[in-house]
Structures are given as C-alpha cells and as structure tokens.
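Asks: The structure that follows is given in the form of structure tokens.
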Amino acid sequence: MPEMDERYNPQAIETAVQQRWTLQSAYRADEDPAREKFYCLCMFPYPSGRLHMGHVRNYTIGDVISRYQRMCGKNVLQPMGWDAFGLPAENAAIENNIPPAKWTRANIEDMKAQLQRLGFGYDWDRELATCDPEYYRWEQWFFTRLYEKGLVYRKKSLVNWDPVDQTVLANEQVIDGCGWRSGAPVERREIPQWFLKITAYADELLDGLDDLEGWPNAVKVMQRNWIGRSRGLSIKFRVVGGSAPLEVFTTRPDTLLGATYMAVAPEHPLAVAAAEQRKDVAEFVASCRAQSTSEAAIEKLDKRGVPLGIEVEHPLSGERLPVWVANFVLITYGTGAVMSVPAHDQRDWEFARAFGLAIKPVIKPAGGDVPDIEQGAFTEKGELVNSGAYDGMDFDTAFDAITQALGDSAQTQVQYRLRDWLVSRQRYWGCPIPMVYEGEAIHPEAAERLPVALPEEIEWQGVVSPLQTTASFVETTVPGSNKPARRETDTFDTFFESSWYFSRYCSPGATDGMVDERARYWMPVDIYIGGIEHAVLHLLYARFFHKLMRDDGLVDGPEPFKQLLTQGMVCKETYFRVDEQGRPRYFNPADVDVERDDKGAVVAAQAKADGEPVQIGPVEKMSKSKNNGVDPAVLVEKYGADTVRLYTMFAAPPDQSLEWSDSAVEGAFRFLRNLWRLVADHVANDSPVGSVEPEALNKELKALRQRVHATIAKVTDDVARRYKFNTAIAAVMELINALSKARDSSPAGRAVMQEGLEVAVRLLAPITPHCTDALWSALGHTESLLDTPWPRVDQQALAQDEIEVVVQINGKKRALITVPASADKAALEARAIEDQNIQRHVGNHEIKKIVVVPNKLVNIVVAT
RNA sequence: GCCGGGAUGGCGGAACUGGUAGACGCGCCAGACUCAAAAUCUGGUAUGGGUAACCAUGUGUGGGUUCGAGUCCCACUCCCGGUACCA
C-alpha cells in the first residue's frame with residue numbers, strides 16, 4: 001500500500017486533487033446516446049461579488065447529487081453560469097461610478113475562483129453569463145418570434161414613480177410609501193409596457209402540475225393558487241344616465257340579490273369621469289395615487305372610499321345601487337370593478353360597516369337559519385333566501401337559473417388570478433427589448449440585425465437609465481429600410497434571462513439558434529435545486545418559457561424540470577447595541593464573546609473590541625444589514641473545502657433553514673481528521689488483510705459487517721430517495737465510531753476493517769470528494785474514485801439473528817426484550833409477559849388485549 | 001390581508017408508513033495526560049425524584065380520535081418565505 005501522511009492536511013490534498021481534475025477535464029460532459037444521462041442543475045447565482053453560505057449550501061447539494069449519480073454510472077451534466085443582469089449592478093454604478101458591465105464581470109471572476117476552490121464538479125466549458133450578447137441575442141430573437149405569433153402585446157400599466165428622481169422604482173425601493181433615495185412619497189403612474197400572454201397558457205401550466213411527481217407539494221399548491229382558476233359570471237350593470245354598462249366578474253352569482261353597492265378602482269373610467277365633476281372624488285382619486293403598486297401594501301391599507309354620485313340598476317330587482325370608488329380595488333385585476341355583497345364577503349362587510357352601506361343576507365346554511373351577520377360575513381355556500389324566485393336553491397341551481405335570467409347581460413366565464421407577464425423594465429442593466437418605433441408604428445427588430453447590443457461604455461448621470469439618453473443607441477432605422485426610427489429603451493425583466501438558461505447550457509456555442517440538437521439529449525433537467533423563494537415567479541416563468549420554446553419546435557417534452565429540490569435559508573445569531581437614535585447597530589458574531597451558564601446556555605455576550613455587553617438578537621437569515629454573515633472563503637482557508645461541504649450538509653436537511661455554528665464546523669473537521677487517522681492506522685499495519693469470508697466470521701465481526709451493510713442501505717436511501725444528507729452523514733459517523741472501537745488485527749478482522757473503510761470512503765465521496773480521493777488511493781486503489789461504483793448491499797450480511805422488541809403497557813414503554821428474529825406472535829407475547837417489570841406492572845389487573853407489531857413492539861392493554 | 005411552510009434538550013437536529021422521543025454532532029460537566037493551559041483521550045448529559053433498579057413529567061398553546069400521537073383531526077399563538085419591478 002502507498003505511503004500515507006499521518007496528519008490530515010486538507011489544503012495540500014485539495015490543491016493536488018483539484019489540479020488533477022482540471023488536467024483531466026474530469027467534469028466535461030459529452031453527449032452519448034448510448035448512456036443514460038443525468039442533468040443536475042442548481043439555480044445560477046447573481047454575481048454580487050462574494051459567494052455567500054446560501055450559495056455554498058445550494059451548490060454542495062447539487063454537487064453531492066451529481067457525484068452520486070456519476071458513481072451510479074450515469075452520464076452527468078452539471079453546468080454553472082451567471083444571472084448577470086439586475087438592479088445591484090446599477091446601484092453599484094450610481095454609488096461608485098463603476099460601469100455595471102465592468103463591475104459584474106469582475107464579480108464573476110472572483111466568484112468563479114471561489115466556486116472552484118470548493119471543488120464543485122462543473123463543466124466550465126458550458127459557462128454562460130446572461131449579459132453576454134451571444135446569450136441575449138437569442139432571447140431577443142425569440143421575443144420577435146413571439147410578437148409575430150401574437151403572444152406579445154403592449155398595454156398601459158401601473159408603476160411606482162419617484163417624482164424627485166424622475167424614475168420608476170422597484171417595489172423593493174419603496175419604503176413606507178416613499179422612494180428609498182429621494183424619500184419623496186411615491187406616485188402610481190400608468191405607462192405603456194410590453195406583456196407576454198402567459199394567461200394563454202394558464203390551463204396548461206395549471207394542469208401540468210398534476211404530472212410533476214418530483215416536485216414538492218407546497219410549490220405545486222402555491223403555483224395552483226397563484227394561477228387561481230375560477231369559474232364565475234361576468235355581469236353588466238346598466239349605469240343610470242350613462243351609456244357604457246359597468247361590467248364585473250363574480251364567482252358567487254348566487255349572492256347577486258345581496259349586492260348593495262358597487263366599487264371601482266381609482267383609475268376606472270367611471271371614477272375618472274366623476275372626478276371631473278366632483279371635488280371630493282377628485283381629491284380621493286388623487287390620494288390613491290400616493291401608494292405603491294405592491295399587493296401586500298394595498299391589501300394592508302385601511303379600506304377607504306367615496307361615493308361617485310352614480311347609480312347602477314340591479315339587473316334582476318331593478319333596484320338602484322350606489323357606485324363607490326375604493327382604494328383596495330385594482331385597475332389591473334379583472335375589469336377594475338367589483339359587485340359588493342357585504343353579507344357574504346368579509347372585505348365588503350367591513351367596508352359597508354365603515355361607511356354605513358346596506359347589508360342584506362341572501363344565503364343561509366342548508367337547512368339552517370338565516371345567519372347572524374352582526375359579527376361578520378357568512379362566506380360559505382348554502383341555500384338562497386330573500387331572493388324571490390330563487391329562494392331555496394343551492395349554489396349550482398342558483399348559478400344556472402340566475403345566468404339564464406340575466407340573458408344578454410351576463411356570460412359564464414373562466415377567470416384567472418394570474419396576470420400577463422409584464423416584461424418591460426425602465427432600467428439600463430438588462431437585455432434591450434428588440435423593438436423599433438417609427439412614429440406610432442411598431443417594428444420588431446430584424447433577425448439579421450440582432451443582437452441589439454447594450455452599450456457598455458456609458459456615463460452615468462443621476463439615477464435615470466443612461467439608455468434613454470444615449471443617442472447612438474436610441475437613433476436607428478426601420479428594419480429593411482433607411483427610414484429613421486427610435487429604439488425601445490426599456491430592457492427585459494431579468495426573469496426573462498433566467499427562464500431558458502438551462503436549455504442554453506445544453507447547446508454551448510450554438511451560433512445559429514437558441515439551442516441545437518444537443519438539447520434533446522440533455523433536457524429535461526433531472527433535478528433542479530434552489531431556494532424556496534423562487535417557488536412561484538421564476539419557476540412558473542421557466543415552465544411557461546419552456547412551453548413557448550416547445551411550441552416553436554426548439555425543445556421536447558411538456559416540462560423543463562423533472563424533480564425540484566427547494567433549499568432553506570442559512571441563518572446565524574445576531575448581536576447588537578441600540579444607538580442614541582434608538583436604532584440597532586449590529587456586531588458580527590466573530591467580534592463577540594459569549595458567556596454560558598453551567599449547562600452551556602448562552603446568558604450574555606460582550607464585544608471583543610471593548611469588553612462591554614451587547615444584546616443578543618434572534619437567529620436570522622445571513623445578511624449585510626444584520627452583519628451576521630460568515631464568509632465561506634475564510635472557513636475554506638482555515639479548514640478546507642471538505643469540512644465546509646460536510647458541515648453544510650450535516651447541519652440540517654436541505655429543505656430546512658440552517659443555523660450556522662462555528663464550533664459545529666470544528667466538529668465536522670474533527671470527524672474528517674479521525675477518519676483520516678483510522679485509515680492511516682489501518683494501512684500502517686503490516687499484518688495481512690484477509691478476504692471476507694462471511695460464514696467464517698466470529699460473532700463480533702459478523703455484527704460489525706452487518707453494520708457496514710446496514711449503513712450502505714441507510715445512506716443510499718437517504719442520498720438517492722430522501723435527499724437527507726444530514727442523516728446519511730450521521731449514519732457514516734456511527735459506522736466510523738463502530739470501526740474505531742473494533743481492534744481485531746487478525747486477517748479476518750483486518751478484512752472486515754478494509755471493507756468497512758472502503759464503504760465509508762465511497763459513501764462520503766460525493767460530500768467530501770477531496771479527502772476521500774486521497775483515502776481511496778491510500779487504501780490501495782489506483783482507479784479514480786469519481787467513477788468507482790457506489791457500494792452495494794450484501795443482503796446476507798444484513799440478516800440479524802436477534803432483534804430488540806419494546807414491551808408497552810397501555811402504550812407506555814415498560815421493558816425491552818431481546819428475541820430471535822424468527823419469533824412468531826405467540827412467542828413474542830409469551831416472552832413479553834415473562835419479563836419482571838411487566839409482571840410487576842400487570843399485577844392482578846385484567847389483560848384486555850395484546851397488540852403485537854412484528855419486529856417492533858408488544859402493547860399489553862390492561863384494565864385500569 | 002391572502003397563499004405556502006415551520007415550532008422537539010443549553011444549541012443544530014433524529015424519529016421515513018400512528019409504534020422505544022432526543023440518533024448524530026455541538027456545547028457543557030467530570031476524569032486522564034500536563035508544572036499549567038490548549039489540544040487529545042475516556043465517561044456523563046431532557047426535566048424532577050431515587051445510591052440504584054426504576055418512577056413521574058415532557059415535542060409552541062388548548063381540545064379531540066386511538067391500545068398507542070412529535071406524527072392524524074379541530075381551534076389558536078408566534079416565526080419564516082412569497083405577494084407579480086430584489087434575485
């Protein structure tokens with residue numbers, strides 16, 4: 001066996017192994033129809049400059065799965081790239097006067113080096129950055145295709161407008177209703193923008209969820225609710241003294257006779273017209289402009305409104321109902337108007353109560369009494385009352401009868417909560433939307449003139465997108481002629497780039513299309529790993545985009561991601577002092593000493609700098625603002641990549657949030673060092689290693705070998721089916737603990753030890769690929785660990801002669817008995833009753849029954 | 001507000017299909033080694049009682065179903081993610 005350093009020296013091992021991988025292009029993936037492929041994808045990062053623990057966690061999960069699949073013989077593709085467009089680059093540009101392109105490319109270089117240091121097995125030949133014109137030219141091309149197909153349109157939509165900076169703000173940039181830089185109250189404004197018709201695919205996106213067996217249920221439920229398909233009635237109300245009717249959609253036409261007023265959005269034509277006549281309406285509509293466009297902000301507003309002085313005629317009763325303008329009705333939802341039934345809708349109820357509007361119950365529980373609507377609305381379906389001819393009908397009967405009675409003024413309709421995808425952004429650092437304006441006429445950019453390149457050498461003045469003021473960009477000609485024209489200066493939503501990058505990875509360098517034939521080999525992605533925060537938007541847009549590409553014949557299959565693994569956040573405790581203004585000033589945990597009581601509970605903390613106390617805050621997501629980030633690079637430097645990878649996989653299962661602990665990282669390092677020493681001791685011994693002869697093993701060795709194979713079974717299940725790497729690692733730790741205690745240096749003993757160590761090394765190989773590589777050669781192997789087959793369970797070794805069975809009395813554990821594995825029900829009962837503690841507890845109580853769960857427990861039910 | 005998720009020792013977590021609550025690791029306590037400390041090794045460690053065997057209590061709160069509930073049902077509290085221009 002080869003010489004082996006007795007000390008575990010991660011830095012030296014990792015450098016050497018990584019150099020060899022690079023030299024051998026160990027992770028290059030080639031299309032090979034003869035082999036089964038496995039496409040493992042992690043959500044690509046935004047290149048902020050520093051790799052954070054969330055990235056390390058995400059990419060370690062992907063790397064573990066990739067390496068496991070490779071050891072199972074699959075042809076594995078694991079690519080990496082950069083979601084390079086976005087707001088932070090613009091902010092850096094404004095703050096530090098660095099062009100976003102330069103800032104972003106420098107960040108990519110830094111982060112790439114950090115990823116490589118962690119030993120992730122990426123095929124870097126497929127690397128892409130979305131800000132690369134050779135990438136975004138294809139989405140520009142595709143957008144013009146969609147325009148020709150009628151899936152793209154232009155429409156006015158609301159934005160947050162900063163009146164001081166004269167710019168559009170993202171929802172994130174609106175703080176308490178004011179612009180984050182200017183501090184000025186934000187205004188809602190309508191501007192023309194580009195949309196993609198995702199609603200045309202709503203049914204397919206909804207129904208497709210049923211077939212996504214490899215997706216977490218929570219994500220599917222969220223997407224279902226987001227799409228929100230509902231069937232209802234579109235009803236036209238005649239406006240008294242008006243020409244155009246007021247149209248509303250309701251899912252509850254059964255409550256039509258309970259409608260007591262109508263509510264419209266501040267931007268609704270009726271409100272706009274009334275504002276010209278009435279001062280109070282004009283003032284109210286103006287006040288509604290001073291609020292952000294975010295749904296969360298609108299829904300939490302105090303519900304306010306004023307009457308427009310307009311009435312509509314109830315289509316069944318002929319009664320006149322007042323029309324109000326209300327701040328919670330959105331012009332972008334449905335028709336921007338709602339029919340209000342306060343007795344059966346809680347929000348309508350609250351509004352009616354606040355403004356003294358009538359509340360008329362028209363539904364009661366089937367067979368019950370008219371509900372008490374003093375305390376709140378009765379929102380369930382039931383039986384109609386106070387509805388004349390419709391009294392006594394149930395929901396479905398009333399739905400049909402009322403639809404029929406309304407005749408031309410109503411139509412059944414399927415409505416979605418989902419709105420079309422607004423893809424325009426009034427920003428510089430994004431992909432230019434390839435459209436050209438010749439006066440009012442719109443022309444898609446011609447394919448041969450693509451890409452419409454974003455000018456990267458720009459001067460940034462103020463906060464407005466420099467694209468609007470760069471004449472060389474704006475001034476152009478109509479495609480196919482010399483007539484002067486202006487370019488669209490809006491750029492795409494960055495979700496546009498991240499909706500198809502996984503297909504492009506499959507066709508690196510393709511110069512005559514978005515993707516080529518190679519994509520048919522690799523797609524769909526077998527497992528997609530990333531943060532749960534992307535459950536709806538990114539993952540819904542990506543599914544939609546895949547379907548658009550499929551309908552253009554570019555890719556195959558209905559869905560892009562076969563399995564989805566959603567990752568939890570990485571958190572850390574916080575420490576702070578409150579300053580004179582009452583604001584917390586945060587201390588990095590590395591700069592704080594903690595004091596513990598004799599149980600180890602943290603009772604106090606002091607800043608290292610001055611020894612004065614600091615307050616202990618809650619455990620929160622690692623962030624700049626809470627100053628509780630831990631830099632992965634520092635830990636890799638101190639312990640090596642394997643320890644960081646091992647700890648992130650061990651601390652929590654992938655889908656849960658992970659609380660970072662520096663001392664537990666130390667524990668992970670200790671484990672690797674102990675493993676190293678165990679192997680070193682084993683190979684340092686010159687006495688012969690026999691071959692394992694299962695039948696000839698003594699009882700101890702047989703039991704040890706049983707553990708080895710039970711561990712293979714456990715770890716394989718955890719890694720391949722459950723994605724619970726924490727319990728997989730715990731199982732290997734238990735095996736190593738057992739092997740450490742075994743000190744049998746006979747040839748048979750050494751043979752079982754050799755088998756156990758080889759198993760442990762292979763089980764850990766995907767998680768800690770560097771040190772296991774070195775250990776594998778130390779154990780006498782010359783072939784690469786990367787392609788060494790995953791260990792297999794020897795079923796015979798798993799068999800146990802004796803098992804432990806719990807004995808309960810009335811469900812409380814009272815004894816633990818050891819019985820032959822072959823013991824039948826009667827034998828188990830007999831052995832259980834024999835037990836002294838059981839005898840004592842049963843006493844002279846009557847035994848009512850005995851429940852036996854084979855191989856597990858006996859529960860004796862006694863009278864009490 | 002609405003949609004989704006979560007809560008288990010001093011801490012991270014385990015318990016997979018309703019069947020031994022606390023695996024594994026950290027921390028802490030004690031001992032060994034050391035002039036001493038660190039490192040390392042050995043043992044202990046849910047809480048209360050008991051020398052011990054063992055007993056009682058215990059999985060956010062309050063109810064329920066069951067021979068048996070951390071796990072299922074009902075009602076609630078708090079925390080986290082999303083909420084369409086952060087990515």
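The values are calculated or read from the model by the stated rules, or taken from the named source; none is laboratory data. Predicted, not measured: the structure shown is a model, and the values here were computed from it. Note: ideal-geometry Cβ built from the backbone for every residue, glycine included; neighbour counts use all protein chains shown.
Asks: Can you tell me which residues in the stretch A:584-638 are farther than 20 Å from residue A:658 by Cα, of a type in the set (S, T, N, Q) and touching a residue at least 40 places away in the same chain (Cβ under 8 Å)?
Replies: The one that is farther than 20 Å from residue A:658 by Cα, of a type in the set (S, T, N, Q) and touching a residue at least 40 places away in the same chain (Cβ under 8 Å): A:615.
Asks: Do we find a residue being away from RNA strand B (no atom under 16 Å from the Cβ) and either modelled with pLDDT of 95 or more or within 22 Å of residue A:133 (Cα to Cα) (or both) anywhere in the stretch A:414-421?
Replies: Scanning the stretch A:414-421 turns up no residue that is away from RNA strand B (no atom under 16 Å from the Cβ) and either modelled with pLDDT of 95 or more or within 22 Å of residue A:133 (Cα to Cα) (or both).
Asks: Looking only at helices (runs of 4 or more DSSP H) that fall completely inside the stretch A:744-824, which ones have 1 or more residues that are touching a strand residue (DSSP E or B) at 6+ places or on another chain (Cβ under 6 Å), modelled with pLDDT of 90 or more and crowded, with 20+ Cβ neighbours inside 10 Å?
Replies: Qualifying helices (runs of 4 or more DSSP H): none found.
Asks: Going by the conditions given, is residue A:84 over 19 Å from residue A:774 (Cβ atoms) and either within 16 Å of RNA strand B (Cβ to nearest atom) or surrounded by fewer than 16 Cβ atoms within 10 Å (Cβ to Cβ) (or both)?
Replies: Considered against the rule, which asks whether it is over 19 Å from residue A:774 (Cβ atoms) and either within 16 Å of RNA strand B (Cβ to nearest atom) or surrounded by fewer than 16 Cβ atoms within 10 Å (Cβ to Cβ) (or both), residue A:84 comes out as yes.
Asks: What residue, among those in the stretch A:612-639 that are in a loop (DSSP other than H, G, I, E, B) and more than 15 Å from RNA strand B (Cβ to nearest atom), is farthest from residue A:15 (Cα to Cα)?
Replies: A:612
Asks: With (1) over 22 Å from residue A:195 (Cβ atoms); (2) surrounded by fewer than 20 Cβ atoms within 10 Å (Cβ to Cβ); (3) touching a residue at least 40 places away in the same chain (Cβ under 8 Å); (4) in contact with a helix residue (DSSP H, G or I) (Cβ under 8 Å, 6 or more places away or on another chain) as the list, and residue A:461 as the residue in question, which single condition is left unmet?
Replies: With respect to (1) over 22 Å from residue A:195 (Cβ atoms); (2) surrounded by fewer than 20 Cβ atoms within 10 Å (Cβ to Cβ); (3) touching a residue at least 40 places away in the same chain (Cβ under 8 Å); (4) in contact with a helix residue (DSSP H, G or I) (Cβ under 8 Å, 6 or more places away or on another chain), residue A:461 is out only on (3).
Asks: In addition: Check the stretch A:598-611 and report whether any residue there is more than 30 Å from residue A:8 (Cβ to Cβ), away from RNA strand B (no atom under 15 Å from the Cβ) and surrounded by 15 or more Cβ atoms within 10 Å (Cβ to Cβ).
Replies: yes
Asks: Of all residues in the stretch A:10-27 being loosely packed, with under 13 Cβ neighbours inside 10 Å and part of a loop (DSSP other than H, G, I, E, B), which is farthest from RNA strand B (Cβ to nearest atom)?
Replies: Looking at residues that are loosely packed, with under 13 Cβ neighbours inside 10 Å and part of a loop (DSSP other than H, G, I, E, B), I get A:24.
Asks: OK, next. Pairs only if they're at least six apart or on different chains, beta carbon under 6 angstrom, first in the stretch A:170-182 and of a type in the set (S, T, N, Q), second surrounded by 13 or more Cβ atoms within 10 Å (Cβ to Cβ); list them, first residue then second.
Replies: From the stretch A:170-182, the pairs are A:171/A:294; A:173/A:180; A:182/A:162; A:182/A:164; A:182/A:165.
Asks: Now for a separate question. Please pick out the residue among A:65, A:94 that is within 26 Å of the chain's Cα centre (by Cα) and either not in a loop (DSSP other than H, G, I, E, B) or not aromatic (Phe, Trp, Tyr) (or both).
Replies: After applying the criteria, what remains is A:65.
Asks: For the stretch A:296-325, enumerate the residues that are within 14 Å of RNA strand B (Cβ to nearest atom) and of a type in the set (Gly, Ala, Ser).
Replies: A:296, A:297 - these are the residues of the stretch A:296-325 that are within 14 Å of RNA strand B (Cβ to nearest atom) and of a type in the set (Gly, Ala, Ser).
Asks: Looking at the stretch A:725-741 only, could you name the residues that are within 7 Å of RNA strand B (Cβ to nearest atom) and under 16 Å from residue A:768 (Cα atoms)?
Replies: Answer for the stretch A:725-741, where residues must be within 7 Å of RNA strand B (Cβ to nearest atom) and under 16 Å from residue A:768 (Cα atoms): A:726, A:727, A:729, A:730, A:733.
Asks: May I ask you to list pairs of residues, at least six apart or on different chains, whose Cβ atoms are under 8 Å apart, with the first in the stretch A:216-232 being among the basic types (Lys, Arg) and the second being in a helix (DSSP H, G or I) and modelled with pLDDT of 95 or more?
Replies: Listed pairs, sorted by first residue: A:220/A:209; A:224/A:206; A:224/A:209; A:229/A:202; A:229/A:203; A:229/A:206.
Asks: Can you tell me which residues in the stretch A:171-193 are under 20 Å from residue A:331 (Cβ atoms) and either near RNA strand B (Cβ under 10 Å from one of its atoms) or of a type in the set (Lys, Arg) (or both)?
Replies: A:171, A:174, A:188, A:189, A:191, A:193
Asks: State which residue is farthest from RNA strand B (Cβ to nearest atom) when the search covers only the stretch A:45-81 and only residues that are under 16 Å from residue A:504 (Cα atoms) and in contact with a strand residue (DSSP E or B) (Cβ under 6 Å, 6 or more places away or on another chain).
Replies: A:77
Asks: Could you say which residue among A:675, A:658 is within 13 Å of RNA strand B (Cβ to nearest atom) and at pLDDT 95 or above?
Replies: Only one candidate passes the filter, namely A:675.
Asks: Within the stretch A:799-816, track down each residue that is without any contact (Cβ under 8 Å) to a residue 24 or more places away in the chain and more than 8 Å from RNA strand B (Cβ to nearest atom).
Replies: A:801, A:802 - these are the residues of the stretch A:799-816 that are without any contact (Cβ under 8 Å) to a residue 24 or more places away in the chain and more than 8 Å from RNA strand B (Cβ to nearest atom).
Asks: Residue A:556 versus (1) surrounded by 17 or more Cβ atoms within 10 Å (Cβ to Cβ); (2) modelled with pLDDT of 95 or more: which is the lone unmet condition?
Replies: With respect to (1) surrounded by 17 or more Cβ atoms within 10 Å (Cβ to Cβ); (2) modelled with pLDDT of 95 or more, residue A:556 is out only on (1).
Asks: Within the stretch A:138-162, take every residue that is of a type outside the set (S, T, N, Q) and closer than 25 Å to residue A:92 by Cβ and give me the one that is modelled with the highest pLDDT.
Replies: A:139
Asks: Quick check: is even one residue across the stretch A:410-419 assigned to a loop (DSSP other than H, G, I, E, B), touching a Pro at 6+ places or on another chain (Cβ under 8 Å) and under 29 Å from residue A:266 (Cα atoms)?
Replies: The answer is no; no qualifying residue exists.
Asks: Would you check if residue A:717 is within 16 Å of RNA strand B (Cβ to nearest atom) and within 29 Å of residue A:57 (Cβ to Cβ)?
Replies: yes
For (1) more than 25 Å from residue A:220 (Cβ to Cβ); (2) touching a Gly at 6+ places or on another chain (Cβ under 9 Å); (3) away from RNA strand B (no atom under 11 Å from the Cβ), each residue gets a yes or a no:
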{"site": "A:492", "(1), (2), (3)": "yes, yes, no"}
{"site": "A:498", "(1), (2), (3)": "no, no, no"}
{"site": "A:507", "(1), (2), (3)": "yes, yes, yes"}
{"site": "A:510", "(1), (2), (3)": "yes, no, yes"}
{"site": "A:521", "(1), (2), (3)": "yes, no, yes"}
{"site": "A:524", "(1), (2), (3)": "no, yes, yes"}
{"site": "A:531", "(1), (2), (3)": "no, yes, no"}
{"site": "A:557", "(1), (2), (3)": "no, no, yes"}
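Asks: Test residue A:572 against the criterion of being charged (D, E, K, R) and touching a residue at least 60 places away in the same chain (Cβ under 8 Å), and give yes or no.
Replies: yes
Asks: I've got another one for you. Quick check, is residue A:770 in contact (Cβ under 8 Å) with a residue 12 or more places away in the chain and away from RNA strand B (no atom under 16 Å from the Cβ)?
Replies: yes
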